[in-house]
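Enquirer: The structure under discussion is supplied below as structure tokens; questions concerning it will follow.
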Amino acid sequence: MIGAQLFVKALEAEGVHSIFGVPGEENLDFVEALRDSSIRLIVTRHEQAAGFMAATWGRLTGEAGVALSTLGPGATNLVTAAAYAQLGAMPMLMITGQKPIREHKQGLFQLVDVVDMMQPLTKYTRQIVSAPTIPARVREAFRRAEEERPGAVHLELPEDIARDTVEDAILLPTEYARRPAPDDAALVQAAEAITSARHPVLMIGAAANRQRTTIALRDFIDKLGLPFFTTQMGKGVIDEDHPLWLGNAALSDGDFVHRAIDAADVIINVGHDVVEKPPFFMRKGRRTVIHINFSSAEVDAVYFPQIEVVGDIAHTVERLTDALQPQEHWNFSFFDRVRDAFHKQLEDHARDDRFPMHPVRVVDDTRRFMPDDGVLCLDNGMYKIWYARYYRAREPNTVLLDNALATMGAGLPSAMAAKMVYPERKVLAICGDGGFMMNAQELETCVRLKLDLVILLLRDDAYGMIRWKQAEMGYADYGMVFGNPDFVAFAEAHGARGHRPGSAAEFLPTLERAFNAGGVHLIDLTIDYSDNHRILNEEIPRLSAAV
């Protein structure tokens with residue numbers, strides 16, 4: 001067999017059954033090996049979209065998604081997706097082609113040092129320089145990608161190595177590695193701090209979005225009755241209809257949840273790291289923060305936990321549940337008032353009839369229709385704040401948003417991957433017009449793959465979030481407005497169905513019809529962001545301060 005065939009067999013041994021990418025002439029031997037394998041090649045229209053799909057596959061399954069590109073421009077197109085996976089802790093392997101390394105006749109044509117380029121963006125990056133080493137390189141790449149904290153890895157396969165003959169190749173076993181157990185002394189210290197607190201509160205971050213951790217946290221909350229809130233990427237770990245849910249830290253400050261944070265004397269921080277936008281700012285001596293995660297805290301000016309319990313999160317939470325009992329001196333009365341006021345405020349504008357539509361009405365109608373296991377895949381834009389704060393996630397990983405790299409253009413590819421992972425579930429891509437147009441070409445890929453997918457395109461004909469920030473800083477409205485194509489015609493030109501509701505009352509029935517019809521549908525919905533400042537910067541801080 002040749003090196004390319006050995007590489008594909010190593011991928012099969014890892015359980016890979018889909019690869020997303022745009023091939024080039026430098027990896028045609030690899031593509032030919034895929035043709036005779038059990039692995040499906042999903043050809044996308046841009047490498048960035050392939051990377052986003054692979055990263056989302058890893059995020060949802062815990063198994064590294066795989067993206068493929070050629071050398072040079074193909075590899076550079078994976079850079080944003082690499083950062084997306086690395087910052088968002090999504091396991092992903094990127095495979096890039098390269099010219100022959102022993103001898104080639106094209107000078108420096110298309111040559112980029114891809115391994116060096118990927119170094120700061122990945123956990124592991126290597127050029128394969130010998131075909132017999134392929135199984136070891138692949139095994140190490142998957143191990144690094146999938147172990148906590150997950151992230152991006154990269155392997156470069158040169159043409160001559162892919163073509164080399166290999167004899168007596170041995171595939172390496174894919175053994176499960178046990179995660180480290182928490183230190184007993186640290187557990188005792190954390191339990192003592194929680195027991196002696198008067199107003200403890202639980203914060204749930206992205207790394208808690210694991211099946212075992214969800215179960216452990218449910219038991220922890222149910223036994224102790226501790227109020228909790230989530231970061232944006234921790235949405236849905238615990239059902240947000242739970243009576244102890246205090247909200248989501250969608251805003252940086254001034255929300256109801258920040259009133260609860262200010263009142264807490266102990267914050268039990270499960271699964272958060274500082275790569276995600278901080279949900280609160282620490283001040284020396286104000287409270288005790290307990291860091292529970294797979295790895296120690298990355299300390300910076302806003303996050304310096306006093307107690308760290310490092311190890312498997314689920315096991316740590318289970319141990320703390322066994323060690324703790326509800327305490328009579330725990331006082332949650334203020335948290336109860338905060339929660340009541342927060343829930344009351346959530347209802348404002350939920351049935352607003354204005355058109356273009358109010359963001360809260362859009363979120364409320366979406367929640368009314370989507371089943372509890374339905375998956376929302378959000379691109380990045382102003383609507384992300386509204387969905388993070390107002391949409392109640394009922395199950396883990398049902399609201400996929402990016403609060404780490406926070407890149408535009410990932411919403412549609414992420415939804416495509418989610419639909420492939422969960423073909424039986426309803427999946428809704430939610431994109432702004434700015435983000436959608438960054439990977440709009442993947443509409444063709446959706447149609448070609450015959451996905452049942454609905455795209456909600458929220459159109460304001462501008463880069464809405466930056467426009468809002470521009471106004472908040474007192475600058476003139478400048479440089480943020482653009483034109484758009486006829487999105488209904490655009491969808492239909494790609495073989496999808498296009499819809500354009502003409503009133504608030506038409507949106508929900510349109511969403512229902514699109515999902516019930518099957519196939520690919522795009523809903524072009526105009527949205528009214530005129531309330532951004534009044535609600536997010538004035539009303540919410542005023543109401544929360546009054547609690």
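Enquirer: What distance in nm lies between label points placed 7 Å from Cα along the C-beta direction at ASP322 and ALA341?
Expert: 4.1 nm
Enquirer: For ALA505 paired with ALA181, estimate the spin-label separation in nm (one decimal), with each label point 7 Å from Cα along the Cα-to-Cβ line.
Expert: Reported label-point gap for ALA505 and ALA181 is 6.4 nm.
Enquirer: Here's another thing I want to ask about it. Pulled fully out, how much extra length does the chain show between ALA489 and HIS329, if you take 0.36 nm times their separation in residues and subtract their Cα-Cα distance?
Expert: Between ALA489 and HIS329, full extension yields 51.3 nm more.
Enquirer: Please enumerate, by chain and number, the lysines with C-alpha under 17 Å from the C-alpha of LYS450, excluding those fewer than 8 residues away in the same chain.
Expert: Leaving aside lysines fewer than 8 places away in the same chain, those within reach of LYS450 are LYS419, LYS426.
Enquirer: Something else: Percent relative contact order of segment 206-291, based on C-alpha pairs within less than 8 angstrom and at least six residues apart?
Expert: 28 percent
Enquirer: Take the chain, mark every one of the chymotrypsin sites (Phe, Trp or Tyr not before Pro) that falls in a DSSP loop and has at most 14 other Cβ within 10 Å, then report the longest stretch left between them, sites excluded.
Expert: On the way: sites that count: PHE109, TYR176, PHE281, TYR475, TYR478, PHE482.
The answer is 282-474.
Enquirer: In addition: What does the charge count around ARG448 come to, taking other residues whose C-beta lies under 15 Å from its C-beta (Lys +1, Arg +1, Asp -1, Glu -1)?
Expert: Charge balance near ARG448 sits at +1.
Enquirer: Still on this structure, I have one more. Which lysines have a Cα lying under 16 Å from the Cα of LYS344, excluding residues fewer than 8 positions away in the same chain?
Expert: Reachable lysines: none.
Enquirer: Could I ask something else about it? Kindly provide the helix-only [θ] at 222 nm of the chain, computed as the sum of -39,500 (n - 2.57) over DSSP H runs of four or more divided by all residues, to the nearest 500 deg cm²/dmol?
Expert: Working: 22 runs with 209 residues, N = 547.
So the calculated ellipticity at 222 nm is -11000 deg cm²/dmol.
Enquirer: Rounded to the nearest 5, what is the percent of antiparallel bridges among the DSSP beta bridges in the chain?
Expert: 5 percent
Enquirer: Still on this structure, I have one more. Would you work out if segment 350-530 is rounded, prolate or oblate? Take a ≥ b ≥ c from the square roots of the eigenvalues of the alpha-carbon gyration tensor; rounded if a/c is under 1.5, else prolate when a/b is larger than b/c, oblate otherwise.
Expert: rounded
Enquirer: GluC sites (Glu not before Pro) within segment 370-458: which are DSSP loop residues with at most 10 other Cβ atoms inside 10 Å?
Expert: GLU424
Enquirer: Same structure, new question: Pull up the cross-link candidates among the lysines for LYS384, meaning alpha carbon to alpha carbon under 17 Å and not fewer than 8 places away within one chain.
Expert: LYS235, LYS277, LYS469
Enquirer: Still on this structure: Please state the relative contact order of the chain as a whole percent: Cα pairs under 8 Å, 6+ residues apart?
Expert: In percent, rounded to a whole number, it is 13.
Enquirer: Quote to one decimal, in nm, the extra length available between SER18 and ARG163 on full extension: 0.36 nm per residue of separation minus the C-alpha distance between them. The partial results should precede the final answer.
Expert: Working: separation 145, 0.36 × 145 = 52.20 nm, distance 2.25 nm.
Going from the current span to full extension adds 50.0 nm.
Read-outs throughout are calculated quantities, based only on the coordinates presented, and are distinct from any laboratory measurement. From a predicted model like this one, the values you see are computed outputs, not experimental measurements. Neighbour counts are summed over all protein chains in view; Cβ atoms, including those assigned to glycine, are modelled from backbone coordinates with ideal geometry.
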